[in-house]
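The values are calculated or read from the model by the stated rules, or taken from the named source; none is laboratory data. A quick note: this is a predicted structure, and the numbers were derived from the prediction, not measured. We place every Cβ from the backbone using ideal geometry, glycine too, and count neighbours over all the protein chains shown.
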Amino acid sequence: MDQRGVKTRKRNLIKKGSGLFELRPPEYFSVPLLAADGDMPVRAVNVGEKVCEGSLIAKPSGRYGSFVYSPCSGKVVGIVRKLNANGNECEHVVIERDLENEKELMSPLDALEQTPEQLLKRLYMSGMTDNFMPYEPAYKKYLLKCNIKTLIINCTEDDPYQSCDSAMIETLTSEVVEGARLLKKLCKADQIVFIFTLANMSAETSLRNHIKKLGDKTIKIKTYSNVYPLHNSRLIAYYETGKMVVRGARTAQIGVIVESVSNCLDFYNAVMKGIPCTQRAVSVTGKNTLRKANYFIKNGTPISHVLKLVGTKKEYDDNMLIYGGIMSGIAQETLDISVGLGASVIIFTDSGDYEKDNETPCINCGRCLRACPVRLNVKRLDDAITLRRFDMAKKLGVDACIDCGACSYVCPAKRFLAQRMSFAKDIVDGKVGKKPTSSNYILIEGEDLTRQGVEFETDTKKINETQSSALPEIDEMLKVLNEKTKQEEEEQARKNQEMQAKLAKKDAKKNDEGGKK
Amino acid sequence: MNSKLVVTPAPHVTKPFSTNMLMFAVVIALMPTAISGVINFGTNALWMIIISVGCSFVFDLLFRFMVTKKFNIVDLSSLVTGLMVALVLPAKAPLYFAVIGSFLAIVIFKGCFGGLGRNILNPTAAARVVLGLMFSSLTLSLFSGGGNMADVGSPLSYFMLGDYSSITLRSLFFGTAPGAIGTASIFCILIAGVLLMLFSITNFVMPVCALATFILTVWLGKGSIAIIPFLFSGGFLFVAFFMLTDPVSSPLTMWGKLFYGLIFGALAGLFRVYFVMGETGVFVALIICNILAPLLDKIFQPHPIGIRRA
């Protein structure tokens, strides 16, 4: 299968083979409660309650959703509703850490207990999230009753700054492989395939040596060429089987499950040690950071704390904080966000990396067509979207776009192709037009002590104003919001009445006509 | 500590390659042909190039001011077009040819269509064809009459009459034989064209396909003796390497490019062998292919994978 995409220059600022470090936990955590679209987890703790490390703080609600566990022992001091790192609004539980270091763990599973049902239950209970689909719990794809042929462990690290996966493989080889074997037992797959690129050969050799020692012939290693979009599970499944599932469908339907390295490690910990998933290995890099390395960062650690410990160069005025890779990550507007479980790369760099140039006219060179991994006619889509012909965009298959940004990367005219595509995709899906329901920050209960640690502030005055005013005037804001919702309800009721009246008139007319006939 | 956080959409890095760099690469690639033209044909060629480039720059600036009310040159495309126009004109042509040619290329065939990226025809080819039609008597005398060898245009006129012996292949290859300024030296064209392809600035599919069908048609029409003289004269290689690969007026998709090259080669060969069109034949063939390009794009649409079928 020919791989399409762009060749990016690897910018490994982290020294190779430097291993993984534990980041000292902060005094205050603000743990985001995130889950799949629509199904938010329900909080299981209240302000003032004492929690241990690994005790439950949120339960799944609805059909899908995930458990959230406390990353430290301490006291719940507040509950906030604000934006998370991925730009979605969700509840955060603020926990003040104490020094008691109490732990509340699940019981480890013995070799006899490791039946698929038990393992699935443990996966469900561990609170792991899918690395390739933000907000999704990891157990979702295992629920489908499909014949799984291959379990793919994606170790490709397609982002130029990422190196946490190879660090994990190099330092914790046996744990990762055991976790993968447990996942294989869970989904009853025939084989495990570890996929690498040519950029992380050292991790590949260490894994190869370990597998030779084990003598397990169901574990295979494949090397892909080093082109950029490889983080998408559907794309990996396409390269493996030659079939592409549509957006929203699962790769399990064609017999392939794609899992990340950190999920293997977390599953191993959950099964063998009973530790629920509360931390992720994250590469913290960028020009303006001092101690660039791969760290285990606990769920809910404020990014301001991470940057304080890692150290930042302060001679630059304009900084960029990118959460989740330079190619497809999200640039943050404040440091008042916390590291979630989907994190892989945090980049703190100067703004020199971004292109200040405006877009220039397209010269029809076709580089975007050659770069697109799902073979979209990007040039014609660009034309269609600039002309606001979203029907045409739908016909050209805009919903196949996987938001990798390869087209924008490669475009010599510096056109905003990826942004336009995702915009059109949202319009085709009917997502655009819904207004946010509340302001960016609301304190629901207690107090938010993580905000004291915010050292950097955004220059935008508006944001500062809302932040400062949000704290004392919560009641007022809530009142305004309640009034707004009341007004909306009244309007809705009025509209409904009008509609009913119209319908009644129509019926009356029809009846009249019928009577005349 | 107050420091700004810059927010931009992903991807936060782009490839360090821009339209202007592409244009500049083409200008660099055209330099050897231009220099060899100046060495072979003297100062008139140099003045042609300078006037053409300067005029197209000024016309571009003025046209942009007329349309947008701003004096700004965003891209180097006018430089490329101006240089191209000079290089396809005959060496001993009067200097006003360069002014009219650059006006036609920049204003009529590029600016009026909406500027860079919107032109349907290759501006250089269109300007060359219109110039040829406007000054048909003058061009004819320049190209085929007279006793002075430098005044005679391309050696193609001899080849089309079946006379292959009067001009040596060596003179054709190094550009000492008469012809248009840039199209004479096959050596420089081949080197620059291959380098452009190696650095993947131009696409290799179109020239290769064009060469294949061109050689086939000439072989079928005139026999194997005519292949190399026909290939090396009359600016076919210049057009195939530098003008056929112009991204704006060529198709987007790989299959479209393939058929575009095939059609161009066949048409150029046919015009030379059966219609005795001389130098202009290649440009007419290119214009016809430019018009076919959108159709080829429509026929060879890429099929996206993973579309939701309703």
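Are there any helices (runs of 4 or more DSSP H) wholly within the stretch B:196-310 with 2 or more residues that are within 14 Å of chain A (Cβ to nearest Cβ) and surrounded by fewer than 19 Cβ atoms within 10 Å (Cβ to Cβ), and if so which?
Numbers: elements: B:205-222, B:227-232, B:254-273, B:280-299.
Once the helices (runs of 4 or more DSSP H) in the stretch B:196-310 are filtered for at least 2 residues that are within 14 Å of chain A (Cβ to nearest Cβ) and surrounded by fewer than 19 Cβ atoms within 10 Å (Cβ to Cβ), what remains is B:254-273, B:280-299.
Before we move on, is A:Lys379 in a helix (DSSP H, G or I), within 13 Å of chain B (Cβ to nearest Cβ) and touching a Leu at 6+ places or on another chain (Cβ under 7 Å)? Spell out how you get there, then give the answer.
Working: in a helix (DSSP H, G or I): yes; within 13 Å of chain B (Cβ to nearest Cβ): yes; touching a Leu at 6+ places or on another chain (Cβ under 7 Å): yes.
Against the criterion (in a helix (DSSP H, G or I), within 13 Å of chain B (Cβ to nearest Cβ) and touching a Leu at 6+ places or on another chain (Cβ under 7 Å)), A:Lys379 qualifies.
Could you tell me whether any residue of the stretch A:187-194 is of a type in the set (Phe, Trp, Tyr), outside the structural domain of A:Cys401 (by TED's automatic domain parsing) and touching a residue at least 60 places away in the same chain (Cβ under 8 Å)? Steps first, please.
So in the stretch A:187-194, the residues of a type in the set (Phe, Trp, Tyr) come out as A:194.
Then drop every residue that is not outside the structural domain of A:Cys401 (by TED's automatic domain parsing), which leaves A:194.
Of the ones still in play, those that are also touching a residue at least 60 places away in the same chain (Cβ under 8 Å) are none.
Scanning the stretch A:187-194 turns up no residue that is of a type in the set (Phe, Trp, Tyr), outside the structural domain of A:Cys401 (by TED's automatic domain parsing) and touching a residue at least 60 places away in the same chain (Cβ under 8 Å).
Anything in the stretch A:393-410 that is more than 7 Å from chain B (Cβ to nearest Cβ), free of Cβ contacts under 8 Å to residues at least 60 places away in the same chain and under 20 Å from A:Asn358 (Cα atoms)? List them, or say none.
Start the filter on the stretch A:393-410 by keeping residues that are more than 7 Å from chain B (Cβ to nearest Cβ), which leaves A:393-396, A:398, A:401-404, A:406-407.
Filter again for free of Cβ contacts under 8 Å to residues at least 60 places away in the same chain, leaving A:393-396, A:398, A:401, A:407.
Once the filter is applied, which keeps residues that are more than 7 Å from chain B (Cβ to nearest Cβ), free of Cβ contacts under 8 Å to residues at least 60 places away in the same chain and under 20 Å from A:Asn358 (Cα atoms), the stretch A:393-410 yields only A:Cys407.
Every residue, every condition in (1) at pLDDT below 85; (2) in a loop (DSSP other than H, G, I, E, B); (3) away from chain B (no Cβ under 14 Å), yes or no:
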residue	(1), (2), (3)
A:Arg122	no, no, yes
A:Phe132	yes, yes, yes
A:Tyr135	yes, yes, yes
A:Tyr142	yes, no, yes
A:Ile148	no, yes, yes
A:Leu151	no, no, yes
A:Glu157	no, yes, yes
A:Gln162	no, yes, no
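Right, B:Ile51: surrounded by fewer than 17 Cβ atoms within 10 Å (Cβ to Cβ) and not in a loop (DSSP other than H, G, I, E, B) or not?
Numbers: surrounded by fewer than 17 Cβ atoms within 10 Å (Cβ to Cβ): no; not in a loop (DSSP other than H, G, I, E, B): yes.
Criteria not met by B:Ile51.
Quick one: count up the residues across the stretch A:4-50 that are modelled with pLDDT of 85 or more, out of contact with any Pro (no Cβ under 6 Å at 6 or more places or on another chain) and within 14 Å of chain B (Cβ to nearest Cβ).
Summing the residues that are modelled with pLDDT of 85 or more, out of contact with any Pro (no Cβ under 6 Å at 6 or more places or on another chain) and within 14 Å of chain B (Cβ to nearest Cβ) in the stretch A:4-50 gives 2.
Would you check if B:Val273 is more than 28 Å from B:Leu83 (Cβ to Cβ) and touching a residue at least 12 places away in the same chain (Cβ under 8 Å)?
Numbers: more than 28 Å from B:Leu83 (Cβ to Cβ): yes; touching a residue at least 12 places away in the same chain (Cβ under 8 Å): yes.
In short, yes.
Scan A:Ala203, A:Ala199, A:Ala180 and give me the residue that is of a type in the set (A, V, I, L, M, F, W, C) and out of contact with any helix residue (DSSP H, G or I) (no Cβ under 8 Å at 6 or more places or on another chain). So that I can check it myself, show each step before the final result.
Values: A:Ala203 fails: out of contact with any helix residue (DSSP H, G or I) (no Cβ under 8 Å at 6 or more places or on another chain); A:Ala180 fails: out of contact with any helix residue (DSSP H, G or I) (no Cβ under 8 Å at 6 or more places or on another chain).
When all the criteria are applied, what remains is A:Ala199.
Looking only at the stretch A:98-149, how many residues end up being aliphatic (A, V, I, L, M) and closer than 30 Å to A:Val77 by Cβ? Please lay out each step first, then the result.
The first filter runs over the stretch A:98-149 and keeps only residues aliphatic (A, V, I, L, M), leaving A:99, A:105-106, A:109, A:111-112, A:119-120, A:123, A:125, A:128, A:133, A:138, A:143-144, A:148.
Now narrow it down to the ones that are closer than 30 Å to A:Val77 by Cβ: A:99, A:105-106, A:125, A:128, A:138.
The total comes to 6.
Take the residues in the stretch A:317-334 that are surrounded by fewer than 24 Cβ atoms within 10 Å (Cβ to Cβ) and hydrophobic (A, V, I, L, M, F, W, C); name whichever of them is nearest to the other protein chains (Cβ to nearest Cβ).
A:Ala331
Look at A:Thr334 and say whether it is over 24 Å from B:Pro247 (Cα atoms) and either in contact (Cβ under 8 Å) with a residue 24 or more places away in the chain or in the same structural domain as A:Asp266 (by TED's automatic domain parsing) (or both). Steps first, answer last, please.
Numbers: over 24 Å from B:Pro247 (Cα atoms): yes; either in contact (Cβ under 8 Å) with a residue 24 or more places away in the chain or in the same structural domain as A:Asp266 (by TED's automatic domain parsing) (or both): yes.
So A:Thr334 fits the description; yes.
Condition check ((1) crowded, with 16+ Cβ neighbours inside 10 Å; (2) out of contact with any Ser or Thr (no Cβ under 9 Å at 6 or more places or on another chain); (3) hydrophobic (A, V, I, L, M, F, W, C); (4) more than 16 Å from A:Thr251 (Cβ to Cβ)) across all residues:
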site	(1), (2), (3), (4)
A:Glu104	no, no, no, yes
A:Leu119	yes, yes, yes, yes
A:Thr129	yes, no, no, yes
A:Phe132	yes, no, yes, no
A:Tyr139	yes, no, no, no
A:Cys155	yes, no, yes, yes
A:Ala167	yes, no, yes, yes
A:Gly179	yes, yes, no, yes
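Taking A:Arg63 and the conditions (1) out of contact with any strand residue (DSSP E or B) (no Cβ under 7 Å at 6 or more places or on another chain); (2) closer than 30 Å to B:Thr14 by Cα; (3) modelled with pLDDT under 85; (4) not small (Gly, Ala, Ser), which numbered condition does it fall short on, given that it satisfies the others?
Among (1) out of contact with any strand residue (DSSP E or B) (no Cβ under 7 Å at 6 or more places or on another chain); (2) closer than 30 Å to B:Thr14 by Cα; (3) modelled with pLDDT under 85; (4) not small (Gly, Ala, Ser), A:Arg63 violates only (2).
Run B:Phe17 past the list (1) farther than 22 Å from B:Leu172 by Cα; (2) among the aromatic types (Phe, Trp, Tyr); (3) out of contact with any Pro (no Cβ under 7 Å at 6 or more places or on another chain) and report the number of the one that doesn't hold.
So the condition that B:Phe17 fails would be (3).
Could you tell me whether A:Val77 is in contact (Cβ under 8 Å) with a residue 12 or more places away in the chain and not in a strand (DSSP E or B)? Explain how you work it out, then say what you get.
On the way: in contact (Cβ under 8 Å) with a residue 12 or more places away in the chain: yes; not in a strand (DSSP E or B): no.
No, not satisfied.
Exactly one of these conditions fails for A:Ser262: (1) among the polar types (S, T, N, Q); (2) surrounded by fewer than 18 Cβ atoms within 10 Å (Cβ to Cβ); (3) closer than 22 Å to A:Ala293 by Cα. Give me its number.
(2)
Can you list residue pairs whose Cβ atoms sit under 7 Å apart, with the first residue in the stretch A:278-291 being without any contact (Cβ under 8 Å) to a residue 12 or more places away in the chain and the second being part of a loop (DSSP other than H, G, I, E, B) and surrounded by fewer than 24 Cβ atoms within 10 Å (Cβ to Cβ)? Count only pairs 6 or more apart in sequence or on different chains.
none
Out of B:Leu22, B:Leu30, report the one residue that is outside any loop (DSSP other than H, G, I, E, B), within 7 Å of chain A (Cβ to nearest Cβ), within 25 Å of B:Asn203 (Cα to Cα) and modelled with pLDDT of 90 or more.
B:Leu22
A:Gly87 passes all but one of (1) at pLDDT 85 or above; (2) closer than 22 Å to A:Ile402 by Cβ; which number fails?
(1)
Restricting attention to the stretch A:333-349, which residues are modelled with pLDDT of 85 or more, assigned to a loop (DSSP other than H, G, I, E, B) and not aliphatic (A, V, I, L, M)?
A:Gly340, A:Ser344
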